[in-house]
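*Asks:* The structure's right below; bear with me while I get my questions together.
The values are calculated or read from the model by the stated rules, or taken from the named source; none is laboratory data. Only a predicted model underlies this, so the values are computations on that prediction, with no experimental measurement involved. With ideal geometry, Cβ positions are generated from the backbone for all residues, glycine too; neighbour counts draw on all protein chains shown. Side chains included, ligands, DNA and RNA excluded: accessible areas come from the protein's heavy atoms. Shrake-Rupley method; radii C 1.70, N 1.55, O 1.52, S 1.80 Å.
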Amino acid sequence: MNARRWSLLGCVAVAALVASASSYGVELAAEHKEKLVALDQSLQKVVTLYRDKKTDEMKKLIEEIESGINGLQIANENDGSIGPVLEPFRQRLDAAKKLSEHAAMLATASPVKTPTPGANPAMTTPMPGMPTPSGTMPRPLASGTRPRPGQMPTGAVSFTKDVAPILVAKCEGCHIRGNRGDFSMANFNALAAGTGGTLAVIKPGQGETSIFYEKMSSGEMPPGNNKVSDMELAVIKKWIDEGARYDYPDRMASLLTFAPGMGGGQGGQIARATGNEKVQFMRDIAPILVDNCFDCHGAPNPNDNSDNFGMNKFADLMRGGQSGPVVRAGNPDGSTLIQMLRGTAKGANNEIRPRMPRGGQLTDEDIGKFVTWIAEGAKFDGEDPQMAIDLAVRMAIAKKATHEELMAQRMATAKRNWQMANPDSPAESLETTDFFIIGDIGMVRLEEVKATLEAEKAKIVQSMKLQAGKPLVKGRITVYVFNKGFEHKEFAQVVERRQLSDGILGHWSFNYIDAYACVTASAGPAEEIAPLLDETVLGCYFDSTVDRLPRWFAVGTARNMAAKMHPQSPVTKGWEDSLAAAPAGLTPQSLMGARNLDAGMSAISQAFVKDLMKSPQWASLMGNLGKGANFDGAFAQAFRGQPQQILTQWLSRR
C-alpha cells in the first residue's frame, strides 16, 4: 500500500484532528479544542445554508470562520501548539468561499421565469438548445462564453474548486454517497466511467452533447426541487467544453473532499490511531464486521444496505445510516452500534429494536472489543478510510501470513471453487513452486501445461530481471485450465458473479487472499496457450506489486509482454484481429473506469500501452511504480498528463 494515500485524503476528515491531535504529535489546550470543534461545526453549517439559499447568512458565517481561524493563528504564534492542525481548516475555508461565490452568483441572477414544459425550472436564462418561454430557440452559447459578466470563473474552470462543490450540493445523496441508477460519482474515476462503468456520460470537449449535461439542462436531474441553476449549468458545460480536466493528484479521492463541511460531523469524524490503543480496528474490529455484518451492510452502495447503513468502507461506518451516526467516539454507551449489539437500542416509538447481528449474537468478548475501540476514540489504523473493509482485511491477513500459509489456503479455495463452478467435470491437479494447476484436461495435458508454465516463468524472470528462485507471487498462483469455453464462463458466473465476455480466453484475479489465472485450453499442444498463461500470470504479478493498478494498464502491459515472447502464436494473432474489430466509438472514460474488459477493450488497451512502451517516458513510469508510487501520480509525472487525456489524444489519431 502507498503510505501517502492518507495524506491525500486528510482533508476529508480534518475534524478528526481535534479529537486526535496527539496522533500528529500535538497536545492542544482545552480552549483551542473547543474553538476548533466550533469551527468544524460552522464549516458544516455552510453547506446547509448554501442548500437553503441563505446567501447573506452564509457570507456572514464564513467571515466569522475566517476571523476564528485568524484568532487561532495569533494564539499559535504564542505557544506554537496549534499550527499543524490549522492548515486543513484553511483549505475548508477556501472551499466554503468558493461555495459562497456560487451562492452569490445565483442570488444576483435575473428572476426565474415560468418554464415551458420540459424546461429546467431552476434556469434563469435559457441554455443552448433549450426553448425560451416564448418557444423560440436561443442562439447557441459559444464554448467558454460567460452568460453574465462576473459570474463565470476566470480562466479555465477547475473541477475541484468550481464543479465538485456543485455536484456535492446537488447529487450527494443519490450518486456520491449512493449509486442510484448504477451511476456513481463517489470519485472522479467513477464519474468518468459513467453508468454501470461502461456508458460514458461525459464527452470531453463536447458539453452540449454529453449525457451528463443533457440530463441536468433538461431538468430531469437532479429530481425534486434541488435543480441545477443556469449559472451552475454554464460552469459544468464550460468545464466539459474545456476537456473535462481533473486537477487533483488522486482520481480516487472522494468528491466530498472538495466541499466544505463534509467530514460527516460527530458521526463522520475519522481519527487517526496512534498505535497505543488496546483495540485496533483493522486487527480486532474489521474481521468481526466482515464475518457477521456484511451480508446486510456490506454493499458498496449505502442505499442498497439495510436501514441505508453501509459499512463497506470505514468512512461509511462512521457516517451511519438513515437514523444517523451509529458510532460516537469516546461514548460507547451512547453509540447506536453498541446498543444494537447489546439489544438495548430503541426505535422511534421507544420500542426495543431487534438485536444485531440477525444471524447470531456476538460474544461478550467481541462486544467488549467494540466498547473499548469506541471508548478509545473509534480510531482508524488502516491505509485508506475509503477502501473496502473486506479488501483491507484481506490485505492485512495476506501481509501477516507466510508464503506456505497462503499456499495452503489458496489450494483449498481452488478445489472448492472448481467444485462449485463445474461439479460435473472432475478436476486433477499438479503443483510447482510457483503454481497450483487444476483442470479437467487430463493428466497428460496437465503435465504439458506445467512444463510450459515453468518455461514461461523462466522467460519472465529473465526479461524482467527478477530474483531467480523466488516465487513470482507470495502464496503461489492458482492456474485453472478449462477444457471447454463454457466451463470458463461458468466459473466466472458462479465464483466471480459476472458474465465473461465472448472472445476472452484468459483472465486473472488478485485480491491478496487469492491469486489465480484462468485459461481455456486448446485442442493442440500446451505451447499454443503459452501467451494466455503469460498474460494471466503477469497480470497476477503486476497486481501483487502495484496497489490498485488500473485494469486497462495491467491487461495492456501483460499482453504486450506475452505477444513479444510469442509473436507468431495464433493467440497473439487473435489479439491483433480483436483490435481491428474493436468498436470505434469506445470512449476513454468507459475504458479507464472498467473493472472487467471485454475483447475489444482488451485489444485497445494492448495497442495503447504498446505505443506508451515506445516512449522514453515509459522507463520513468515503471521506475516510479517500482518505488511504490501512486499510479495516476506516476503516470502524470512521466507523460505530463492524466491517462484519460493521453488516451483521448491517442484515440483521435487511431
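*Asks:* Looking at segment 194-208, can you tell me whether even one residue there is assigned to a helix (DSSP H, G or I) and either open to solvent by 10 Å² or more (accessible area, probe 1.4 Å) or within 28 Å of Gln44 (Cβ to Cβ) (or both)?
*Replies:* Within segment 194-208, not a single residue is assigned to a helix (DSSP H, G or I) and either open to solvent by 10 Å² or more (accessible area, probe 1.4 Å) or within 28 Å of Gln44 (Cβ to Cβ) (or both).
*Asks:* Answer yes or no: is there a residue in segment 417-429 that is touching a Ser or Thr at 6+ places or on another chain (Cβ under 8 Å), modelled with pLDDT of 95 or more and not hydrophobic (A, V, I, L, M, F, W, C).
*Replies:* Checked segment 417-429: no residue is touching a Ser or Thr at 6+ places or on another chain (Cβ under 8 Å), modelled with pLDDT of 95 or more and not hydrophobic (A, V, I, L, M, F, W, C).
*Asks:* Could you please give the count of residues in segment 287-315 that are out of contact with any Cys (no Cβ under 9 Å at 6 or more places or on another chain) and modelled with pLDDT of 85 or more?
*Replies:* Final tally of qualifying residues: 13.
*Asks:* So, one more: What are the residue pairs meeting all of these: first residue in segment 495-519, first residue more than 18 Å from Met411 (Cα to Cα), second residue assigned to a strand (DSSP E or B) and of a type in the set (A, V, I, L, M), Cβ atoms under 8 Å, and 6 or more apart or on different chains?
*Replies:* The qualifying pairs are Leu505/Val519; Gly506/Ala517; Gly506/Val519; His507/Ala517.
*Asks:* Can you name the residue in segment 359-382 that is of a type in the set (Asp, Glu) and assigned to a helix (DSSP H, G or I) and is also nearest to Phe294 (Cα to Cα) among such residues?
*Replies:* Selected residue: Asp366.
*Asks:* From the list Leu86, Leu9, Leu61, Leu36, which one is among the hydrophobic types (A, V, I, L, M, F, W, C), modelled with pLDDT of 75 or more and open to solvent by less than 10 Å² (accessible area, probe 1.4 Å)?
*Replies:* Leu36
*Asks:* Also, I was wondering about something else. (1) open to solvent by less than 30 Å² (accessible area, probe 1.4 Å); (2) of a type in the set (Val, Ile, Thr); (3) out of contact with any strand residue (DSSP E or B) (no Cβ under 9 Å at 6 or more places or on another chain): which one isn't true of Thr363, the others all being true?
*Replies:* Status for Thr363: all satisfied but (1).
*Asks:* Another question, if that's okay. Identify the residue in segment 395-436 that is part of a loop (DSSP other than H, G, I, E, B) and under 23 Å from Lys470 (Cβ atoms) and, among all such residues, is most open to solvent (accessible area, probe 1.4 Å).
*Replies:* Per the stated criteria, the residue is Thr433.
*Asks:* May I ask you to list pairs of residues, at least six apart or on different chains, whose Cβ atoms are under 9 Å apart, with the first in segment 167-188 being at pLDDT below 75 and the second being acidic (Asp, Glu)?
*Replies:* Arg177/Asp316; Gly178/Glu172; Gly178/Asp304; Asn179/Asp304
*Asks:* Among the residues of segment 603-618, are any crowded, with 17+ Cβ neighbours inside 10 Å, modelled with pLDDT of 95 or more and in contact with a strand residue (DSSP E or B) (Cβ under 9 Å, 6 or more places away or on another chain)?
*Replies:* no
*Asks:* Okay, next question. Collect the residues in segment 459-476 that are at pLDDT 95 or above and small (Gly, Ala, Ser), keeping them in residue-number order.
*Replies:* Scanning segment 459-476 gives a single hit, Gly475.
*Asks:* When segment 447-468 is examined, which residues are found to be out of contact with any helix residue (DSSP H, G or I) (no Cβ under 9 Å at 6 or more places or on another chain) and either open to solvent by less than 30 Å² (accessible area, probe 1.4 Å) or without any contact (Cβ under 8 Å) to a residue 12 or more places away in the chain (or both)?
*Replies:* Within segment 447-468, Ala458, Val461, Gln462, Lys465 qualify.
*Asks:* Moving on to the next point. I'm trying to understand the selection: among the residues of segment 566-589, which are crowded, with 17+ Cβ neighbours inside 10 Å and assigned to a helix (DSSP H, G or I)?
*Replies:* Matches in segment 566-589: Val571, Thr572, Trp575, Ser578, Leu579, Pro588, Gln589.
*Asks:* For the subset of segment 153-193 comprising residues that are within 21 Å of Asp94 (Cα to Cα) and either charged (D, E, K, R) or out of contact with any helix residue (DSSP H, G or I) (no Cβ under 9 Å at 6 or more places or on another chain) (or both), which member is least open to solvent (accessible area, probe 1.4 Å)?
*Replies:* By that ranking, first place goes to Asp162.
*Asks:* So which residues in segment 508-538 are of a type outside the set (A, V, I, L, M, F, W, C) and in a loop (DSSP other than H, G, I, E, B), if there are any at all?
*Replies:* Answer for segment 508-538, where residues must be of a type outside the set (A, V, I, L, M, F, W, C) and in a loop (DSSP other than H, G, I, E, B): Asn511, Tyr512, Asp514, Ser522, Gly524, Pro525.
*Asks:* On the basis of being polar (S, T, N, Q), at pLDDT below 85, under 30 Å from the mean Cα position of the chain (by Cα) and open to solvent by 60 Å² or more (accessible area, probe 1.4 Å), does Gln322 make the cut?
*Replies:* The answer is yes for Gln322.
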